[in-house]
1. Leaving out same-chain residues fewer than 8 places away, which aspartates and glutamates sit with a Cα under 14 Å from that of residue 125?
2. Tell me the angle of helix 111-121 to the major Cα principal axis of the chain, expressed in degrees between 0 and 90 and rounded to the nearest ten.
3. Using the count of nearby Cβ atoms within 10 Å as a rough guide to exposure, how do 23, 106 rank from fewest to most?
4. Check residue 126: other-chain or 5+ apart residues with amide H under 5 Å from its amide H, H built from backbone geometry?
5. Working from the pairwise distances between different alpha carbons, so that the mean of 1/r is found and then inverted, what is the range 4-195's Kirkwood radius in Å?
6. Counting helices only, and only those DSSP H runs with n ≥ 4, report the 222 nm mean residue ellipticity of the chain as the sum of -39,500 (n - 2.57) divided by its residues, in deg cm²/dmol to the nearest 500.
7. In the structure shown, do any of 10/58; 10/77; 59/120; 10/97 have a Cα-Cα gap over 29 Å, and if so which?
8. Could you list 59, 129, 97 so that the one with the fewest beta carbons within 10 Å of its beta carbon is first and the one with the most is last?
Amino acid sequence: MIQQTEYYRKIIHVFNLAIPFTYLFFFESRFQILCILVPLTVFAIVIEYLRVHSVIIKKIFDNFLISMLRLHEMDGKYTGATWVFIGSTLTVAIFPKEIAVISLIYMCIGDTVAGLVGRKFGKMKFYDKTIEGSLAGLIVCLLSGYLVQISLPLIVVFSGAFAAMFIELLPISIDDNISVPLFAGTIMIIASTVVI
């Protein structure tokens with residue numbers, strides 16, 4: 001059974017689509033969106049520090065957000081929101097616009113669907129993930145990549161979808177909000193050099 005707070009986390013994760021879609025539709029250059037993402041990322045990191053070292057900020061988190069935090073986050077590790085900002089900033093800074101947008105969409109949607117389906121229907125375990133969750137995430141990534149492919153060849157977009165769900169499934173210690181967009185983006189760069 002999935003706890004209600006997990007649904008809230010996943011809904012918030014889907015709302016992170018505001019980052020790639022804002023980049024896609026409202027900003028022409030990487031510099032413009034980084035002027036927003038970098039300060040937000042720095043702010044999130046400062047809040048993380050204060051959450052552990054400031055009694056006032058810790059109390060705010062304890063009163064309003066404690067139910068949504070995972071155990072490692074309660075122990076002082078960065079929250080998923082901060083990793084989203086870090087992953088988004090790095091992805092936008094490193095990759096061309098089209099690849100960054102698709103990579104961030106995969107992070108927001110693929111990871112969310114994989115987590116929900118895996119927890120609800122997953123039977124075939126692979127470490128702490130499930131094959132069913134990853135397959136559901138892959139289907140959603142393939143579909144979203146097809147619908148928002150921009151000017152990239154489908155083979156490039158689909159290679160990113162497979163890469164995103166492959167890295168999401170692996171038991172690595174890097175947060176999915178970093179590993180998914182960076183690995184998907186890297187594979188799409190490699191695929192685009194072969195295809196184009």
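1. 168
2. 70
3. On the way: 23 24, 106 32.
Lowest count first: 23, 106.
4. Correct list: 131.
5. Details: mean 1/r = 0.0587 Å⁻¹.
This gives a value of 17.0 Å.
6. Working: 11 runs with 147 residues, N = 196.
About -24000 deg cm²/dmol.
7. 59/120
8. On the way: 59 10, 129 22, 97 18.
With the sparsest Cβ surroundings first, the list reads 59, 97, 129.
Here, each number is a calculation from the coordinates, and none is a lab measurement. Remember, predicted model here, so these are calculated numbers, not experimental data. Cβ sites come from the backbone with ideal geometry, for glycine too, and all protein chains shown count toward neighbours.
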